[in-house]
Each structure stands twice: as C-alpha cells, then as structure tokens.
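Everything below concerns the one structure shown next.
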Amino acid sequence: MREVVVDQKKCLAYGVCMMTEPAVFDLPDDDDVAHVVRQPENDDEWANTIEAVVQCPAAAIAIVDV
Amino acid sequence: MTAASVTVVGASLAGLATAEGLRRQGFDGVIRVVGEEPWLPYDRPPLSKDVLKTGPAEHPPYLRSEQAFADLQVEWVLGRRCIALNAGDRTLSLDDGSVLPFHLLVVATGARPRRLAPLDGVGGVHVLRSWDDDVALAGDVAHASTVVVVGGGFIGCEVASSLRHRGIDVTIVEPFPTLLFGPLGAEIGERLNRMHSDRGVQLVLGATVSGYRGGNRVEAVVLEDGRELAADVVVLGLGAVPNTEWLQDSGIACDNGVLCDATGRTEVDGVYAVGDVARPESSLYGRRVRVEHWTSASMQGAAVAMTLLDPQARGELVRVPYFWSDQYDTRLNYVGLHERTDRVLVRGSDGDAWQAAWERDGVITAAVASGDPRLLPAMRKALGQPVETHWPIERSRATRVS
C-alpha cells in the first residue's frame, strides 16, 4: 500500500497541490498549511498526486509505503 | 529500446527532476549529471528572497537532503562546463579538456542573466542567478545604504522587497511606465507601483540606464536623459538568455532556446531539451513556448524521463504554466498564459489583496491573485471557460480542518 503525506513543517502554502489535485489536497480556511483530505482513489488521481509531488515548490509532499 | 545510460547537462532543477523521474520509473542504469557550478542542485527562488534578507549561509539551499541525493545514485560531474556536443561520435567536450561519451542526452543548461554592456565588469554591479552571485551581492549590500535596481521585473521587485526589509534605500529604474509591465501589463503594474512606493522604494519609470559614474567601482548610474542616481550597489534584473551557445556546431537548431518537439526531442537522435533552455512545441498553445518557471522545470524533467524510457509515451513538456512571486508579505500566484493583446479584468481594493484575469474572445486565458493561494484551484478551473460564468473567480468551497 502507498499513501500520500504532506510534511506540514515544510509546507509554505503555495497552493500548487490543491490546484493540481483538489480531491486530495486542500488549504483549509483555518490553517496555513496544506492537508491531505483523502487518499487518491483512482489512476487519474494518483497521476495528479505524483504531479503534485513533483511540482511542490517546498518539496513537502511524499508518497510512502504503509 | 532500453537505455543503458542517460547523461544530463545541467545540474539544477530540471536536471534533478529528470534524474528523479528516471529512478521513480525504475530505471537502474547509469545517470550522469554534468553541472557548471560546484554545487549539488539547489533552489534558486530563495536567492532573491530569504538569503538576501538574512545574509548568506555556508552552502546554497539544496533541493534535497543528503540522503535523498545519495539514494538517487547519480554520477555527478560538477564544476565542469560542456563546451560542445559532438553528434557524430556522440560525445560531449568539457571545459577541462575531457570528453564524455553519451547514449541518451538531456540538455538542461538553463539561462543566464542578461547584462548591461556599459556596466560590464564595474565593481558593485551585480546580477542574481547563482549562489555565487548571491554571496557576492549579499556581501556587498551588507555595507550599502543605497541600491539601484535596474529593471522592474520579478527579480528586480523581489530584490527590492528583500533589501527594503534590511532598511536599505532602494531605487528601481524601469523603462516602462510600471513595474512588471511586460509580464502583467499596466493595470496590474500600477498596483505593484503602489505596493513598492508604499514601502519606500523610489521608482524611476520610463527611464533607461546608459552608463555609470565612478572608477573601478560604481558611485552612481547615469540615465539616458543625463540624470544621475547615487548607488553603492547596482543590481541588474533584465531577464535571462538561454544557454545555447555551446550547441552552436552540434546540428541542434536553436532560436531563443533549443528548438524541440512537444516531448523535448531535438533534431539529433536521442538528444532532448528541458527547462529554461528548451523551446518546445505545445499542442496546448499551438505554438512554441519557452517557459522559465520553477514548476515548468520540474514538470519538464519528469515528462522527459518518461519519454526517455518509452519514446511512445508522448509526454508533452508544456503544461499549464504556473508561477509565484513573493514581495514583502504578499505572494502573487499566476496560472495560465496570456498574450499582451488579451483584455485584463481586475477586481479588488487598492491594497495588496486583489485578483485579475485575462480574456480573449470571451474566454479566460490566465489568472493572477495577490495574497490568496486558496483561489488557485478555481483560477485553474476558470482557464478556457467563458468570462460571463467564471469571472470574478470565486473559491470553489470553504473548508475547515476537521
């Protein structure tokens, strides 16, 4: 199993992840770092999630084995 | 075809992303990355921001941890510049006289700052692109009370903002009537003018620098109309030129960048280009597009890695462009690609929080927001949509941490 995680100590709220895959990532109103709202559920969402990993200017997103 | 080895020329973000993309897809052959600078890949955006605010550290802000670099298993050839690509025998000539054979090759040599001939080689005059540039500039501004920034583009605006943070007197000289006039146009430029004026930056608009006063070291810049602006330090922010000269006799066509197809393929078999130096075709925009954004370098490296391992993959280099710019306490987020002839729509107060979009034939081509990253998903969704239904841009939903 793999899982996407955001390192909230590294996150600088660029918002690129929530733009790339809004179903998985969000910048909530009452926090200034990105959250994983749910895990990707299909190939498209995984592809976008990997794109978010690549595009994160803070290198704050990782896909880990669980 | 399974590649035995991949050589990347350029050890910055696009080169690193290429290597990472290859490994992510299970490539276990040799990856060799040649870099002109002596450093492992580091992050350039902080150079005009945090580093200038606080002064330099011992090493550049590396893009990855020591462990992550080690895990990549890349053969780094650093501090060496490629001076020629010999397509016939598939070798690279390096500036130390050595010759490297290659199998598949990715050109990721980036761009370099444009200079100003009358100020060439004058002490106190800086450009900002590399860690060495940054160390030199940070060292020089430590003793400066007055800095003139030549060029009101992104680098100029960010440098001005960082230097104001240190209480230094800053003047920006810009030939157009507003800051960021080229990339964002006059209406948004006016807002940037106000933002910088409010923080005490002197703006000298509609003016160009023609020379300087001083001996070996600058004391003032001289404008075309004869005016003089005192300067302990001068920073040039005049845009960047793609590093293609070394490819002159390679058979690879270059014109404001390496000309390549949508996947980065050049005219020489097995040679690709990515990042700031590449000028690929784009089916999305129906023309060639050279993009200098951070996320483009990163995505293009990942995309070419797929093509290298599977030429049928047809992964296009050009995706919807995105960039950000941090000035004072505000971040600008831009997504899309507008033409200068597109009509701009602006909404928001005169303060630092506002949004804008561009439209052509009633369709939104790009959007920019100041101070609100939460608008990004809606901004991206609005691209290609009618103005009547998607302007102004509203956040799709409000969420809370549960």
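The values are calculated or read from the model by the stated rules, or taken from the named source; none is laboratory data. Please read all numbers here as calculations on a predicted model, not as lab measurements. Glycine also receives a Cβ, built like all others from the backbone with ideal geometry; neighbour counts cover every protein chain displayed.
Of the residues in the stretch B:27-49, how many are more than 18 Å from B:Gly10 (Cβ to Cβ) and free of Cβ contacts under 8 Å to residues at least 60 places away in the same chain?
Result for the stretch B:27-49: 3.
Do you know which of the residues in the stretch B:347-361 that are surrounded by fewer than 18 Cβ atoms within 10 Å (Cβ to Cβ) and modelled with pLDDT of 95 or more is nearest to the chain's Cα centre (by Cα)?
Checked the stretch B:347-361; the qualifying residue nearest to the chain's Cα centre (by Cα) is B:Arg360.
All but one of (1) in a loop (DSSP other than H, G, I, E, B); (2) at pLDDT 95 or above; (3) touching a helix residue (DSSP H, G or I) at 6+ places or on another chain (Cβ under 8 Å); (4) of a type outside the set (Phe, Trp, Tyr) hold for A:Val4; state the number of the condition that does not hold.
(1)
When residues of the stretch B:238-268 are filtered for being part of a loop (DSSP other than H, G, I, E, B) and in contact with a Gly (Cβ under 7 Å, 6 or more places away or on another chain), how many remain?
Number satisfying all stated conditions: 7.
Can you go through A:Pro28, A:Pro40 and tell me which one is without any contact (Cβ under 8 Å) to a residue 24 or more places away in the chain, part of a loop (DSSP other than H, G, I, E, B) and not aliphatic (A, V, I, L, M)?
A:Pro28
Is it true that some residue in the stretch B:98-105 is under 26 Å from B:Val241 (Cβ atoms), surrounded by 14 or more Cβ atoms within 10 Å (Cβ to Cβ) and either more than 26 Å from the chain's Cα centre (by Cα) or hydroxyl-bearing (Ser, Thr, Tyr) (or both)?
yes
Keeping to the stretch B:18-66, report how many residues are within 15 Å of the chain's Cα centre (by Cα) and either part of a helix (DSSP H, G or I) or buried (at least 24 other Cβ atoms within 10 Å of the Cβ) (or both).
Final tally of qualifying residues: 5.
With the stretch B:67-127 as the region, which strands (runs of 3 or more DSSP E) entirely inside it contain at least 1 residues that are closer than 16 Å to B:Leu13 by Cα?
Answer list for the stretch B:67-127: B:75-78, B:104-107, B:111-113.
On the given criteria, is B:Leu192 closer than 23 Å to B:Gly348 by Cβ, outside any helix (DSSP H, G or I) and either in contact with a Cys (Cβ under 8 Å, 6 or more places away or on another chain) or assigned by TED's automatic domain parsing to the domain that holds B:Ala367 (or both)?
So B:Leu192 fails the test.
Could you say whether any residue in the stretch B:200-219 is more than 14 Å from chain A (Cβ to nearest Cβ), surrounded by fewer than 19 Cβ atoms within 10 Å (Cβ to Cβ), in contact with a Lys or Arg (Cβ under 7 Å, 6 or more places away or on another chain) and farther than 21 Å from B:Ala17 by Cβ?
yes
Sort out which residues of the stretch A:12-25 are surrounded by 20 or more Cβ atoms within 10 Å (Cβ to Cβ) and part of a loop (DSSP other than H, G, I, E, B), and write them in order of number.
Hits for the stretch A:12-25 are A:Tyr14, A:Gly15, A:Glu21, A:Val24.
Filter the stretch B:1-39 down to residues that are under 26 Å from B:Val99 (Cβ atoms), among the aliphatic types (A, V, I, L, M) and within 14 Å of another protein chain (Cβ to nearest Cβ), then give me how many there are.
Count: 4.
Quick one: in the stretch A:11-57, of everything that is under 19 Å from B:Arg319 (Cβ atoms) and small (Gly, Ala, Ser), which residue is nearest to the other protein chains (Cβ to nearest Cβ)?
A:Gly15
In the set A:Ala47, A:Ala59, which member is part of a helix (DSSP H, G or I) and modelled with pLDDT under 95?
Going through A:Ala47, A:Ala59 in turn, just one is part of a helix (DSSP H, G or I) and modelled with pLDDT under 95: A:Ala47.
Might you check whether a residue that is β-branched (Val, Ile, Thr), closer than 18 Å to B:Ser325 by Cα and modelled with pLDDT of 90 or more occurs anywhere in the stretch B:367-380?
There is at least one residue in the stretch B:367-380 that is β-branched (Val, Ile, Thr), closer than 18 Å to B:Ser325 by Cα and modelled with pLDDT of 90 or more.
Enumerate the pairs (first residue in the stretch B:93-110 and touching a residue at least 40 places away in the same chain (Cβ under 8 Å); second residue anywhere and basic (Lys, Arg) and not in a strand (DSSP E or B)) with beta-carbon separation below 7 Å, excluding pairs fewer than 6 apart on the same chain, so at least 6 apart or on different chains.
Partner pairs satisfying both residue conditions: B:Leu94/B:Arg80; B:Leu94/B:Arg81; B:Phe102/B:Arg90.
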